[in-house]
Amino acid sequence: QAVRVLHLIAEAMYSVHEKGLVHHDLKSANILFNDQSDYQVKVLDFGLSHLVGAQGDRMAGTLAYMAPELTGMLNKIIDHRADLYSLGILLFEMLTGQLPFQANDPAILIHQHVASRPPRPAELDVEIPSALEAILFKLLSKDPEDRYRTTQGLLKDLDRYRRLCTEKDADAMNGFQPGEDDHWDSLPRENPFINRTREINHIQEIIAESTESGRSALILLEGARGIGKTRLMNAIHDRSKVEDGIVWFHSPRNEVSDIHYKALSSLFRNIIQFLKSKPAEEQTKLVQFLKKTFGRRFALVLELVPEMSNWLEQTDSTTATQNWQAEDYLSIYAAYIRIVAEYQKRLIVFIDDFSNVESSSAKVLLEANSKLKRSPVTFVFAYNHARLSDVQKDLLAEYEDAKGVHRVYLESLGEADCAALVQELFSGKLDQAARLIEPLYSACGGNPAILRQIIQSLVDARLVFYRDARWQYRYAEVLERIKQWDMHSTGDLLRNYTARDVHILRLGSVFERAFTLDALKTLCEQIPFQAQDETDSAANSAEEARNTLLTVLDRALLDSLLAVDSRRLYSFRDYGLKASLRRDLPSDIRMRAHGLIARFLEGNVLPDSPEAIYDIAYHREQSGDFQATFHDYVNAARLTDNGAFTNSQAMVYYDLAVKTLDQLPEEAVDAETQFRIRYAALRHESIQHPRRRSLVEKAERMERWVGHNKAHRLQLLAIRANLNFINGNKEEMFRLGEELLALGSEPDDFPYVVETYIQLATVPSHKTYAERAELLKNGIEMALELKRLDLMSVALTIGVNMLCYLTRFKEAEDLINSVSRRIRMNKGEALFGKVIEVFPRAILAAEKGDFEAFHNTTRHIDTEIYEIGHTARRMLMSHIARTYTMVGQISEALQLFDKLLNTDEDTTQQGERALALHGRTLLAFRMNDPEGALEYIEQAMHHLQARPDAYMEGLFSVLAARAYMDL
């Protein structure tokens, strides 16, 4: 019955969605259902409905049924998929008789929609099939991209489900995959967001650093039109919104950009939302505080935000309009941001796009960053350089080299990313898609908006069409049209350039990243233009040649073909144009150009710059000189290697060195060097991407280069043991570990075996706690002798945890004191010794239930905590969250647990996750939510399959029994 009713509602919504409408307020109270004769459903109350893409109050609809993107917490586009989420709530309600998320506090209910997983209906009613549950969870996905693409896709799944129920096909029901027939029969309204992970992580690191250091930062996000700046800003905004602090997002409109201080006024209006988020009595106090802080300039605040007068008494004597100067705007803006940032711990200001910000606001915004150096505020300005006014360009040039300013250039998508975008646009239903990828990529140059335009033109021309449940195309005609687009776009850009000018640009396109005037001049001298007639004759003198180059480059800058930075480095703005120009060079000339560039760079760049050495290696590789390429990549890797195998750039260089090795004859490089480079590459990859299955095979293949070198044998055994553990082969891990310990018994072997000693001690196994404690003791002694304080932190932490599990608290305290004394004997290591000591002491206090001691221990370690490493930091956060739970600080506990458990990282690599899940389970009990407790217990048991721990398994079993008893 529930499926039948949902099908009728979905049919009604399909008609609504086809007209470009979104209901916004689907709920049980808005559904009329008649089951007396034939089933009839009517959907009521379209008072909140919007056209798709229309702007309006994002906080619309009834909270219990509201999609996450409607809460205002996520900056996602609002379309028909918001209604699909509400349909999921309705289905859950029909199946179970209750709502998935329930709370009296609206803030907690919003938080649940955005961050909490709904309970499994099957836990409330065992008769609910897994296939129907799969449909439900797809509807209730937090990200609209993970829900059904179309309402029709939902209808097809419901039809398939009902058919399988009739046929009683248990196998098909158990293997039911929702969304298999969910696809667009026209292109989606917007491009899917594809692979900007590197840029997102980089910007988030800058924001995190600004927050942690309490210093301001300005991020200048530049990219061509249609490259994805807005989507990137939205993605970062959404991730930032669910964390501590305040986030402002402003999209200034071009048509109103001539009004003085318009953008500043729009940003200031965020103060109203900030005030409304506080209790009523606090709102008035804050307004009075702002009035006192701004003094006479508070009148300017009222001009910018007239609504603030609602918090003032009618007798308030604040003066009206005055003749305000630029410094007045700057003063109140900087002061206000400082207040908000310090009050809320951080503030992030997004502006998309900066080219629409009028010059008066632009100057204030940029100047504010320099005045707010000691405030945790981050500005993120996105823009297309070609659309900046001369005034805006001058302003950015004035500030771009200042401290705390970071330039992020959004590059074109790679070919693999464009292939993924094509698959998403066609719902994975495009026949023989691979044949079209290369020509499409060449034509669009990696610009997702242009790729969309090309594909849309093919669909509009019926060269690509939907038939027989597949997207199909007329290959020859499609290929010809794509080629015409490619030639047309490149031809249009270069139509007014002479053959000599194009030759210069072609040589510039050979440079890997950027080039200077002198570098291009040298290349042009070695590969001169061959004039076909007198009108295109080459320059005769060096001065003429230089002036010719400058003329071409200046024109290309004006036409936005090139960009130039403060160091006078030129680069192409459009990868497609660059690739097209490079392809037009004959291959022999192109290879010769690469060789000439490598020689020029070798004589003109810093010898200790890894980026410069990489450029040399790249050009040597393209010229065919693989032997020199190998040595360059190795040199670049060594310059970036931090010794801890955690530098991602070093990993890239080592990987390139190995790939070059594979192209050389084996006898070209000796076995010793082969092993060292391959081991370094493997070690970097294993630390940064430990779950890659290919790593185990790579390690096994390295046996051929070990020979009789004992150190190499120990290194290989250690990394093989670790990789086998990570990939779940614990038996092989223990076998290799025991072999390593038997071989590495001499003091000279300690550097190679110390990590394995600690690993064998910390990993739960058949060994008794006494045996593991003995191994741990040996590992600690080795780490102390080798001054491996990083390992000491891990060993001491695990040791204290292990002893606390056994309630041997005195022994744990003695261990901490002993290690602390040994470390403090060396004055140079005293600070780090303090950090190592603080963390285990905090754990000991938490496990003993001494919450006052725990808070005293953790209260003053805000700076030291960032020295102990990512995993240790998260483990301490887990203990802090558990302590909040024990003392009844529910809101604080929820916030911390959300940060710990809602992560995109590989959870099997998180040693602290079981601890966090234990704390979250206890919090569920504290909130009288045994169903939620069982959900977290299930997550924990799944996690413990990858990271077995008998103690934690027993603990969660006891908690599961308690949850069932409560139910």
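When both the stretch 377-421 and the stretch 558-591 are represented by their alpha-carbon centers, they are found 18 Å apart.
Per-peptide packing, taken as the mean over residues of other Cβ atoms within 10 Å, places 770-778, 168-176, 586-594 in the sequence 770-778, 586-594, 168-176 from highest down. Taking a sphere under 10 Å around the Cβ of residue 220 and counting the other residues whose Cβ falls inside, with K and R at +1 and D and E at -1, yields a net charge of -1.
The length gained by stretching the chain between residue 292 and residue 742 to full extension, at 0.36 nm per residue less their Cα-Cα distance, is 154.7 nm.
Prolate is the label for the stretch 197-409, because the ratio a/c of its alpha-carbon gyration tensor axes (a ≥ b ≥ c) is 1.5 or higher and a/b is greater than b/c. Over the chain, dividing the summed -39,500 (n - 2.57) contributions of all DSSP H runs of at least 4 residues by the number of residues returns a 222 nm mean residue ellipticity of -19000 deg cm²/dmol. I'd like the distance between the alpha-carbon centres of the stretch 754-787 and the stretch 640-698, rounded to an integer number of Å. For the stretch 754-787 versus the stretch 640-698, the Cα centre distance is 28 Å.
Taking R0 as 45 Å, what's the FRET efficiency between residue 565 and residue 689 from their Cβ-Cβ distance, rounded to 0.05? For R0 = 45 Å, the calculated efficiency reads 0.90.
Seen from residue 555, the other residues with C-beta closer than 13 Å to its C-beta sum to a net charge of -1, counting Lys and Arg as +1 and Asp and Glu as -1. Only bridges with both residues in the chain count here: give the DSSP antiparallel percent, nearest 5. Given both bridge residues lie in the chain, the antiparallel proportion sits at roughly 40 percent.
Which shape class applies to the stretch 81-183: rounded if a/c is under 1.5, otherwise prolate when a/b exceeds b/c and oblate if not, where a ≥ b ≥ c are the square roots of the Cα gyration tensor eigenvalues? Judged from the Cα gyration tensor, the stretch 81-183 comes out oblate (a/c at least 1.5, b/c at or above a/b).
Provide, for q = 0.05, 0.07 Å⁻¹, the log10 of I(q)/I(0) from a solvent-free Debye sum over equal Cα point scatterers in the chain. Those come out to -0.38, -0.78, one per q.
By count of other Cβ within 10 Å, fewest leading, how are 912, 666 ordered? List each step's numbers first, then the result.
On the way: 912 19, 666 12.
Fewest-to-most Cβ neighbours within 10 Å comes out as 666, 912.
Among 79, 518, 748, the ranking by other beta carbons within 10 Å of each residue's beta carbon, starting with the fewest, stands as 748, 518, 79.
For residue 664 and residue 280 in one chain, what is 0.36 nm times their gap in residues minus the Cα-Cα distance, to one decimal in nm? Extending this stretch completely gives an extra 130.9 nm.
Two numbers describe the Cα atoms of the stretch 416-493: Rg and Dmax, which are 11.8, 40 Å. Taking label points 7 Å from Cα along the Cα-to-Cβ direction, residue 166 and residue 180 give a separation of 1.8 nm. Among 600, 645, 630, the order by Cβ neighbours within 10 angstrom, fewest to most, reads 645, 600, 630.
To the nearest 0.05, how large is the calculated FRET efficiency for residue 530 and residue 642 if R₀ is 41 Å and r is the Cβ-Cβ distance? Show your work: numbers first, answer last.
Working: r = 49 Å, r/R0 = 1.20.
The formula returns an efficiency of 0.25 here.
Neighbours of residue 930 by Cβ distance under 15 Å: Lys/Arg scored +1, Asp/Glu scored -1, total -2. If r is the Cβ-Cβ distance from residue 14 to residue 273 and R0 is 41 Å, what FRET efficiency results, to the nearest 0.05? Here the calculated transfer efficiency is 0.70.
A short reminder: the numbers here are calculations on the coordinates, not readings from a lab. Fair warning: this is a prediction, and the values are worked out from it, not measured in the lab. Cβ atoms come from the backbone with ideal geometry, glycine included; neighbour counts cover every protein chain shown.
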